[in-house]
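So the structure is just underneath, and the comments pick up after that.
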Amino acid sequence: MDDDARSTGSGLLVAAALGAAATVAGGRLLGRLTRGRFGDTEEYNVAKVSISGPIKRDKGRPSPLSGPGGTTADEVVEQVEAADDDEDVEALLVELNTPGGEVVPSDDIRRAVADFDGPTVAYATDLCASGGYWIASGCDELWARDGSLVGSIGVIGSRPNAAGLADKLGISYEQFTAGEYKDAGVPLREIEADEREYLQSLIDGYYEQFVETVSEGRGMDPEAIRETEARVYLGPDALDLGLVDELGVEDDVEERIAEELDDDVGVKEFTPDRGLVERLGIGAERVAFAAGNGVASVFAGDGRDLEVEFR
C-alpha cells in the first residue's frame with residue numbers, strides 16, 4: 001500500500017472514530033435532556049418547584065448559566081398548577097434562591113402556591129428576599145439554612161434623572177398630557193415636590209400590602225415586620241425573629257413533609273415544559289460556557305481564599 005493510500009485510510013479511520021464519539025456524546029446529551037420526560041417511572045408524592053434568580057414576567061436576555069432567560073413567573077405558576085392537578089402529588093416543596101423581583105409576578109406565584117391543595121413548604125437556600133419572601137409567606141412553613149439570607153421585606157422604586165445631561169446637550173422636554181400627574185417622574189426634567197410625594201405614596205402603598213400579606217401568611221405582628229426595616233437576616237437570626245419556622249437542609253425538609261403526610265417521601269421536580277430544540281440549545285450554551293470558564297479561571301485567579309459578594 002502506497003503512502004497516499006495509507007494516509008487516506010488513516011483519515012477515514014479518524015473520521016469514523018470522531019463520528020462515533022460524536023454519536024455517543026450526542027446520545028448521552030439527548031438522554032440527559034429527555035430524561036424525566038420519557039421513561040421516568042420513579043414513584044413520587046411530593047412536587048418540587050424551584051424559583052431561582054430575579055422574579056419577572058418575561059424571559060429577558062438569554063444567559064448561559066440559566067438558559068434562555070431563566071424560568072419566568074408564568075412558568076412557575078404553570079408548574080405549581082400542574083403539580084396541583086397531578087393525582088400522585090400530595091405536597092408541594094418550593095425551593096427559593098432569589099433576590100426578589102417584580103411585584104405582580106411575585107404575587108401570581110404566591111397565589112398559586114397558596115391555592116395548592118395540600119401541605120406546602122418553602123425552603124430558602126442561599127437567598128430568600130423581597131418578592132421571594134412574599135412567595136414564601138404563602139406557604140404553610142418556611143425553612144432556611146444557617147447561612148441563608150432571609151427577609152428584605154420592603155419595596156424599591158427608582159427613576160433616572162437625566163435633566164442635567166439634557167441641559168448640557170441642549171435637549172428640552174415638552175409633552176402634552178391630560179391629568180396633572182400623567183408624566184410624573186419623566187427623567188428629562190427635574191421632579192417636583194408634589195410629584196415626588198405622589199410617587200412615594202405608590203411605594204408606600206405597595207409596602208403596606210407587603211406587610212399585610214406577610215402578617216397574614218406568617219401570623220406575625222405587622223409592627224414587628226416594619227421593625228425589620230427591610231433588612232436581610234442570617235438563618236438563626238431569622239428564626240429568632242419568627243421570619244422562618246425551622247433551620248435545616250433539604251433532607252430535613254423532606255423528613256418534615258414525611259411527618260406531615262405520614263408516609264415515605266418521593267420528590268419529583270416540576271420544570272418548564274420546553275421543546276427538545278430549546279433544551280438542546282440550553283445544553284449547548286452551558287457546555288460552551290463551561291469550556292470557556294474552565295480556561296478563563298486559570299488566568300483569573302487572584303490568590304484570595306475567600307470572596308464574598310452582595311448583588
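Quick one: which of 283, 303 is at positive phi and modelled with pLDDT under 95?
When all the criteria are applied, what remains is 303.
Taking segment 145-179 as the region of interest, how many residues are among the polar types (S, T, N, Q), surrounded by 10 or more Cβ atoms within 10 Å (Cβ to Cβ) and free of Cβ contacts under 8 Å to residues at least 60 places away in the same chain?
The number of residues fulfilling the criteria is 2.
Which residues, counting only those in segment 125-144, are more than 19 Å from residue 105 (Cα to Cα) and either surrounded by 20 or more Cβ atoms within 10 Å (Cβ to Cβ) or among the hydrophobic types (A, V, I, L, M, F, W, C) (or both)?
142, 143, 144, listed by residue number.
If you take the residues in segment 92-129 that are part of a loop (DSSP other than H, G, I, E, B) and modelled with pLDDT under 95, which one is farthest from residue 209 (Cα to Cα)?
Among those residues, the one meeting the criterion is 99.
Which condition number does residue 216 fail, the rest of (1) assigned to a helix (DSSP H, G or I); (2) surrounded by 17 or more Cβ atoms within 10 Å (Cβ to Cβ) being met?
(2)
The values are calculated or read from the model by the stated rules, or taken from the named source; none is laboratory data. What you are looking at is a predicted structure, and each value in this text was computed from that prediction instead of being measured. Please note: Cβ atoms are built from the backbone with ideal geometry, for glycine as well, and neighbour counts cover all protein chains shown.
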